[in-house]
Amino acid sequence: MLGWWRIHRTVPASSEMGAAAIVGAVLGSTTIDSFGPVVFPSPLLMALVTPVVAGVAVGTAAVRDLSLPLPDRVAVKVARLSWVTAWFLAGVVAALVPKLSAPTSPGTALAPTRNVLIFGALSLLFVHIRDGELVWVPPMLLILVGSMFGFSEDRYRWYWWAVVFEEEATRRQLAAALGMAAGACLFYAVWRPGRRAR
């Protein structure tokens, strides 16, 4: 297992995961109404936004820095699947830190889990593009576009594609997010990740 720590971007991913847990613990119950000149249509709960950092950490941990041409046997694919699944679990734990201290309903406790699964899946799909330098782009695009255009004023709720901003998660949403994460993990395990040239 130590070899996996050395060939992947474990240190930056660990820093991102720790930052997600700390920011979530400190600011998890606060809401924000705007970000600079952008005013949100509905206040955003920070506990739902901070899992984006944990999701990006999943993608960062999946980037391999080794440039040696290694065999890609079934055992290696299983190890890759285990590696990224462990990082998803760490992301869920980091996102649930603010929920551990305050009693909440089951729906609100599942919302950060849903968000980590969605953000991590989006991030993981970009591991193969430009050697993993863009793993942060899909989660950030979802946050920016969803926060500005994802709220329906006439229904006073978030659109289905901006579900990461809903304060409670349904079983259907959690199942869809879990399916996204499982699909991204399998895609990552089967398709050989890119290697950085040194």
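The values are calculated or read from the model by the stated rules, or taken from the named source; none is laboratory data. The structure displayed is predicted, hence computed values, not measured ones. Glycine also receives a Cβ, built like all others from the backbone with ideal geometry; neighbour counts cover every protein chain displayed.
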Of all residues making up the stretch 114-140, the number that are among the small types (Gly, Ala, Ser), in contact with a helix residue (DSSP H, G or I) (Cβ under 6 Å, 6 or more places away or on another chain) and closer than 16 Å to PRO12 by Cα: 2
Any hit, the stretch 141-159, residues being out of contact with any helix residue (DSSP H, G or I) (no Cβ under 9 Å at 6 or more places or on another chain) and among the hydrophobic types (A, V, I, L, M, F, W, C): yes
Checking ALA25 against (1) at pLDDT below 80; (2) at negative phi; (3) not β-branched (Val, Ile, Thr), the condition it does not meet: (1)
Pair list, Cβ < 8 Å and 6+ apart or interchain, from the stretch 145-168 residues that are closer than 14 Å to VAL49 by Cα to residues that are buried (at least 19 other Cβ atoms within 10 Å of the Cβ) and of a type in the set (S, T, N, Q): ALA162/SER147; VAL163/GLN173; VAL164/ASN115; PHE165/SER147; GLU166/GLN173
The stretch 37-52 - residue that is assigned to a helix (DSSP H, G or I) and of a type in the set (A, V, I, L, M, F, W, C) and, of those, surrounded by the fewest Cβ atoms within 10 Å (Cβ to Cβ): MET46
Residue list for the stretch 53-87, filter: over 22 Å from the mean Cα position of the chain (by Cα) and buried (at least 16 other Cβ atoms within 10 Å of the Cβ): none
Number of the condition not met by ALA175 [criteria: (1) exposed (fewer than 14 other Cβ atoms within 10 Å of the Cβ); (2) closer than 30 Å to PRO37 by Cα; (3) hydrophobic (A, V, I, L, M, F, W, C); (4) modelled with pLDDT of 85 or more]: (2)
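This table checks each residue for (1) charged (D, E, K, R); (2) surrounded by fewer than 23 Cβ atoms within 10 Å (Cβ to Cβ); (3) modelled with pLDDT of 90 or more; (4) part of a loop (DSSP other than H, G, I, E, B).
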position: VAL116; (1), (2), (3), (4): no, no, yes, no
position: VAL127; (1), (2), (3), (4): no, no, no, yes
position: ASP131; (1), (2), (3), (4): yes, yes, no, no
position: VAL135; (1), (2), (3), (4): no, no, no, yes
position: PRO138; (1), (2), (3), (4): no, yes, yes, no
Residue check for SER34: closer than 22 Å to GLU167 by Cα, modelled with pLDDT under 80 and part of a strand (DSSP E or B): no
Residue tally, condition touching a Gly at 6+ places or on another chain (Cβ under 7 Å) and part of a helix (DSSP H, G or I), over the stretch 140-171: 4
Single unsatisfied condition, ARG155 versus (1) under 20 Å from PRO43 (Cβ atoms); (2) surrounded by 13 or more Cβ atoms within 10 Å (Cβ to Cβ); (3) modelled with pLDDT under 80: (2)
